[in-house]
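Trainee: Below is the structure I would like to discuss, written out as C-alpha cells.
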Amino acid sequence: MYDDVRLSLPDTLDREVIFKRLERVLDPELDEPILKLGFVKSIEAESDHLTIELHLPTYWCAPNFSYMMAEDTRRELLMVEGLHDVTVRLKDHFAAGTIEASVNAGKSFSEAFPDEASEDLCQLSDLFLRKGYIRRQERLLRNLKNAGLSFEEIALRRMGDLYFEGESCLLRCSDGRICDLGTAEVAHQYLQRRSELDLDCSPTAPLIIDLRGREVTAEGLEEYLIRARTVRVSLQANGSFCTAVLAARKGKN
Amino acid sequence: MYKENGQEIFVVDGHMHFWDANPENWRNEYGEGWIRCFYDFHTALSPEEYVWPFEKYCKYGEETLIKDLFAEGYVDVAILNSTYLYEFYKKGFNTHQQNNAIKAKYPDRFILCGSFDPRAEEAGLDAFRQMVEDYPVQGLKLYTAEWRNGSKGWRLNDPWAYKYFELADELGVKNIHVHKGPTVYPLNRDAFDVADVDYAATDFPNLNFIIEHIGLPRLDDFCWIATQEKNVYAGMSVAMAFIHSRPKYFAEIVANLLFWLGEDKMIFGSDYAIWTPKWLIEKFMALELPDDIKEEYGVDITPEAKRKILGENVAGLYGIDVSVHREKLSQDEIGVKLAAGA
C-alpha cells in the first residue's frame, strides 16, 4: 500500500500507524483521502521529529484547501505516539512559504492570511463535508436501487434495519427479506459522515435523510437522487482531473 | 468544417488562445508557474501523439495556430480569448491588442473577445468604451481570478462590474464568456463559487453568459444555476479533454449537461493551445453515450445535437448566418488554400 510514498523512518515508528492516521486526512474538495490521491510525496523522521512533503496537483491549488490539508496532516500526525514535532512541506505551490510557516507554527488560517481571509475555514470546510455527504449517500442509494428496492421501500427503511456481517452490508426489508447491499465500505462512509455532521443516527431515524435531517419521501426520492447524482459526478470529475494532472506533474520531476 | 456522410458541419471553436508565454515575457515566478500548470493540463489529458515540447508550448506562433485550427482541426471560426495577466507577464499573456493582429489578417475566421476589470472603476469605463471603438470586439472574456494591485480577484456581482455590464449592453457587446477559476479573495470562501453568475444573469437578461469550463470544479452548482437562467450557456472546454483518457466521465458530464441544460445551451471549445481541436472533434463526432448512462439519464446525443454543440449554438449567439459565412470563408486566404489542397 502507498508504495509511491518515499519513506524514511526510525525503528521506533511504525509505518502502518502513520498511514492509518494519514488516511483520515481528506482533500476537502474531492472528499477523498490525500494518501489515496497520491498527494503524499515523502515522509521522513529522525527520532521524534517527522517531516512530510505534500505534492498537490497544481501550483495554483486554492490556498484555503491546501491550508486545510496541511493543517489536518500535521494535526493527525501529532497524535502518533512517539512524535513530538511535525513539519509539513508543500512542494511547488505559489503560497508554499506562507502556508508552511503558519501551519508548522500551529497558526490558524486567518492568522496566516490576515488581509485576504475574513474569517476561519469552518464554513468552507462544512460546505464540502455536506457535498461529500450527498455523494456518499448517492452511492448507498444506488446500491439500494440495484438491490431491487423501490423508492417506497427505501423511504420506509430505518437506520436500525442496516447491519454489517464481515465485509458485507445487509438491510432488513419490510417483508422480512434480507437484502445484500454489497461492500460495507459504502454504508460505513455514509454513516461516518452522517455522524460527523451531527445528523440523527439513532436506530429509529430514517435511513435516508437530507442535509437538514428531514426524511426524504418516496415521491421525493427520484428527484433527490437525480440531484445527488450530479453532485457525485462533479466531485468525481474533479478528482479524476486532479489525479491526472498530478500524475503528469510527477512524470516531469 | 467537419464532413460526415456528405454533410458539412460548421465548427466554431468557442474558446481558444494565442498566447505568448516565452520565458522572456515572464515577469516573475508566477509567469512560469502559470504556463507550467497549463502544460501539466496539456500533457495530462492529451493523446500522446499530440503532446508538444514545453518550448513550443510557451510560444507556438501564427503558422502553427492556423494549421492546428483551420487546416487540420476542422475549425471554421474561432473565438479568440484575451487574457491579460500583466502581473505575471511583461507584455501580457494574450491581450486584445496582440490578438487583433491575427484577427485583422483573417477577419472572418476570428471572433475577438475583449475584457474589462471592474477594479479599474470609473477610469476603466472610458478605456472600455475606447476598446470597443478601436477594436472589432464582439464578445468579452472575463477573468475574475486576475490579480491586480494586491487584490486577488473580483466577482460578477460587484457594483462596479454592473456598471461595465450596463455599458457592454449599451455598446451592443452581448456575449460574456466567464472563466470561473481560483479567485482567491477572500481566501476563506470557495474559490470556484459560481453563485455570482446567478446574480449577473438575472440582472442582465439582454446579455448571454457563457460559463467556460462549465463551472468545473463546481459542475453541480453550475447546473442548478444554468437550469434557472435562460441566458446561461455551458462552455465545454476543459471538460472536452476528458473525452480521450476518461471517456466514461466525459459521457456522464455530457449526460448531465443534456439533462439539465439541453443541447441548445452547450458550446464546444478546445481551449487551444492547452489542447488541439483535431482530436477533440474527431472523438466527439465518434461519441456514443453508453447504454447504462442513456437509460439512467433518459438523454442521448444525436447527430443534430452534435451539430449544435460544435457550432450552430454559438454561431446563433454571435448572429452568424452559417451559409452566408461559409461562402465568405471559402474565399479568404485560408479557404482558398484549403480548397486547393483538398
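The values are calculated or read from the model by the stated rules, or taken from the named source; none is laboratory data. Given the structure is predicted, the values throughout are model-derived calculations rather than measurements. Don't worry about glycine lacking a Cβ; one is built from the backbone with ideal geometry, like all the others, and counts go over all protein chains shown.
Trainee: Give B:163, B:174, B:180, B:152 a once-over and let me know the one that is in contact (Cβ under 8 Å) with a residue 60 or more places away in the chain and basic (Lys, Arg).
Mentor: That would be B:174, the only listed residue that is in contact (Cβ under 8 Å) with a residue 60 or more places away in the chain and basic (Lys, Arg).
Trainee: Scanning for something within 27 Å of residue A:129 (Cα to Cα), free of Cβ contacts under 8 Å to residues at least 12 places away in the same chain and of a type in the set (Ser, Thr, Tyr), does the stretch A:185-198 turn up at least one residue?
Mentor: Among the residues of the stretch A:185-198, at least one is within 27 Å of residue A:129 (Cα to Cα), free of Cβ contacts under 8 Å to residues at least 12 places away in the same chain and of a type in the set (Ser, Thr, Tyr), which makes the answer yes.
Trainee: From (1) more than 13 Å from chain B (Cβ to nearest Cβ); (2) of a type in the set (Ser, Thr, Tyr); (3) closer than 21 Å to residue A:213 by Cα, pick out the condition that doesn't hold for residue A:125.
Mentor: Of (1) more than 13 Å from chain B (Cβ to nearest Cβ); (2) of a type in the set (Ser, Thr, Tyr); (3) closer than 21 Å to residue A:213 by Cα, only one is false for residue A:125: (1).
Trainee: Next question, about the same structure. Condition first: of a type in the set (A, V, I, L, M, F, W, C) and more than 7 Å from chain B (Cβ to nearest Cβ). Now tell me which residues in the stretch A:227-240 satisfy that.
Mentor: Selection gives A:228, A:235.
Trainee: Of the residues A:190, A:224, which single one is touching a Leu at 6+ places or on another chain (Cβ under 7 Å), over 26 Å from residue B:41 (Cα atoms), surrounded by 18 or more Cβ atoms within 10 Å (Cβ to Cβ) and more than 9 Å from chain B (Cβ to nearest Cβ)? Can you show your working first?
Mentor: Numbers: A:224 fails: touching a Leu at 6+ places or on another chain (Cβ under 7 Å).
One residue alone meets the criteria, A:190.
Trainee: OK, next. Taking the stretch A:101-115, which residues are surrounded by fewer than 18 Cβ atoms within 10 Å (Cβ to Cβ) and more than 9 Å from every other protein chain (Cβ to nearest Cβ)?
Mentor: Of everything in the stretch A:101-115, those that are surrounded by fewer than 18 Cβ atoms within 10 Å (Cβ to Cβ) and more than 9 Å from every other protein chain (Cβ to nearest Cβ) turn out to be A:101, A:104, A:105, A:106, A:107, A:108, A:111, A:114.
Trainee: Condition first: farther than 21 Å from residue B:215 by Cβ, within 23 Å of the chain's Cα centre (by Cα) and either modelled with pLDDT of 95 or more or surrounded by 20 or more Cβ atoms within 10 Å (Cβ to Cβ) (or both). Now tell me which residues in the stretch B:134-161 satisfy that. Before you say what the answer is, go through the steps one by one.
Mentor: Restricting attention to the stretch B:134-161, the residues satisfying the condition of being farther than 21 Å from residue B:215 by Cβ are B:134-138, B:147-151, B:159-160.
Checking which are within 23 Å of the chain's Cα centre (by Cα) leaves us with B:134-138, B:147-148.
Within the stretch B:134-161, B:134, B:135, B:136, B:137, B:138 qualify.
Trainee: Still on this structure, I have one more. Go through the stretch B:225-342 and tell me which helices (runs of 4 or more DSSP H), entirely inside it, have 1 or more residues that are more than 21 Å from the chain's Cα centre (by Cα), at pLDDT 95 or above and basic (Lys, Arg).
Mentor: Result: B:291-297, B:322-331.
Trainee: Which ones in the stretch B:39-70 are buried (at least 19 other Cβ atoms within 10 Å of the Cβ), in a helix (DSSP H, G or I) and within 13 Å of chain A (Cβ to nearest Cβ)?
Mentor: Within the stretch B:39-70, B:39, B:40, B:41, B:42, B:43, B:44, B:45, B:57 qualify.
A quick yes/no check of all residues on (1) assigned by TED's automatic domain parsing to the domain that holds residue A:41; (2) hydrophobic (A, V, I, L, M, F, W, C); (3) under 15 Å from the mean Cα position of the chain (by Cα):
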site	(1), (2), (3)
A:56	yes, yes, no
A:72	yes, no, yes
A:76	yes, no, yes
A:83	yes, yes, no
A:113	yes, yes, no
A:129	no, yes, yes
A:137	no, no, yes
A:142	no, no, no
A:147	no, yes, no
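Trainee: Turning to a different aspect of this structure: Assess whether residue B:212 counts as being touching a residue at least 60 places away in the same chain (Cβ under 8 Å) and of a type in the set (Asp, Glu).
Mentor: Details: touching a residue at least 60 places away in the same chain (Cβ under 8 Å): yes; of a type in the set (Asp, Glu): yes.
Taking the combined requirement at face value, the residue satisfies it.
Trainee: Filter the stretch B:32-62 for residues that are within 22 Å of residue B:100 (Cβ to Cβ) and among the small types (Gly, Ala, Ser) and give the result.
Mentor: Of everything in the stretch B:32-62, just one residue is within 22 Å of residue B:100 (Cβ to Cβ) and among the small types (Gly, Ala, Ser), namely B:61.
Trainee: Regarding the stretch A:2-24, can at least one residue be identified that is part of a helix (DSSP H, G or I), closer than 23 Å to residue B:217 by Cα, not assigned by TED's automatic domain parsing to the domain that holds residue A:134 and not acidic (Asp, Glu)? Show your work before the answer.
Mentor: Narrowing the stretch A:2-24 to residues part of a helix (DSSP H, G or I): A:15-22.
So of that shortlist, the ones also closer than 23 Å to residue B:217 by Cα come out as none.
Looking for residues that are part of a helix (DSSP H, G or I), closer than 23 Å to residue B:217 by Cα, not assigned by TED's automatic domain parsing to the domain that holds residue A:134 and not acidic (Asp, Glu), one finds none in the stretch A:2-24, hence no.
Trainee: May I pose another question? Please give the number of the condition residue A:118 fails out of (1) within 13 Å of another protein chain (Cβ to nearest Cβ); (2) touching a Phe, Trp or Tyr at 6+ places or on another chain (Cβ under 7 Å); (3) of a type in the set (S, T, N, Q).
Mentor: Of the numbered conditions (1) within 13 Å of another protein chain (Cβ to nearest Cβ); (2) touching a Phe, Trp or Tyr at 6+ places or on another chain (Cβ under 7 Å); (3) of a type in the set (S, T, N, Q), the odd one out for residue A:118 is (2).
Trainee: Pick from the stretch A:116-127 the residues that are within 25 Å of the chain's Cα centre (by Cα) and surrounded by 15 or more Cβ atoms within 10 Å (Cβ to Cβ): which of them is farthest from residue A:175 (Cα to Cα)?
Mentor: Taking the candidates together, the pick is A:117.
Trainee: Mind listing whichever residues of the stretch B:10-38 are within 11 Å of another protein chain (Cβ to nearest Cβ) and charged (D, E, K, R)?
Mentor: Residues satisfying the conditions are B:29, B:32, B:36.
Trainee: Can residue B:87 be described as surrounded by fewer than 19 Cβ atoms within 10 Å (Cβ to Cβ) and either modelled with pLDDT of 95 or more or β-branched (Val, Ile, Thr) (or both)? Break it down into steps so the answer makes sense when it comes.
Mentor: Numbers: surrounded by fewer than 19 Cβ atoms within 10 Å (Cβ to Cβ): yes; either modelled with pLDDT of 95 or more or β-branched (Val, Ile, Thr) (or both): no.
Taking the combined requirement at face value, the residue does not satisfy it.
Trainee: For residue B:225, state whether it is out of contact with any Phe, Trp or Tyr (no Cβ under 6 Å at 6 or more places or on another chain) and either of a type outside the set (Asp, Glu) or on the phi < 0 side of the Ramachandran plot (or both).
Mentor: For residue B:225, the condition - out of contact with any Phe, Trp or Tyr (no Cβ under 6 Å at 6 or more places or on another chain) and either of a type outside the set (Asp, Glu) or on the phi < 0 side of the Ramachandran plot (or both) - is met.
Trainee: Report whether or not residue B:217 is touching a residue at least 12 places away in the same chain (Cβ under 8 Å), within 12 Å of chain A (Cβ to nearest Cβ) and not in a helix (DSSP H, G or I). I'd like the intermediate steps shown before the answer.
Mentor: Numbers: touching a residue at least 12 places away in the same chain (Cβ under 8 Å): yes; within 12 Å of chain A (Cβ to nearest Cβ): yes; not in a helix (DSSP H, G or I): yes.
Judged against the criteria, residue B:217 is a match.
Trainee: Tell me, which strands (runs of 3 or more DSSP E) lie completely within the stretch A:81-177 with 1 or more residues that are in contact (Cβ under 8 Å) with a residue 40 or more places away in the chain?
Mentor: Qualifying strands (runs of 3 or more DSSP E): A:162-165.
Trainee: I've got another one for you. If we keep just the residues of the stretch A:68-85 that are crowded, with 19+ Cβ neighbours inside 10 Å and over 13 Å from residue A:22 (Cα atoms), which is nearest to the other protein chains (Cβ to nearest Cβ)?
Mentor: The residue in question is A:68.
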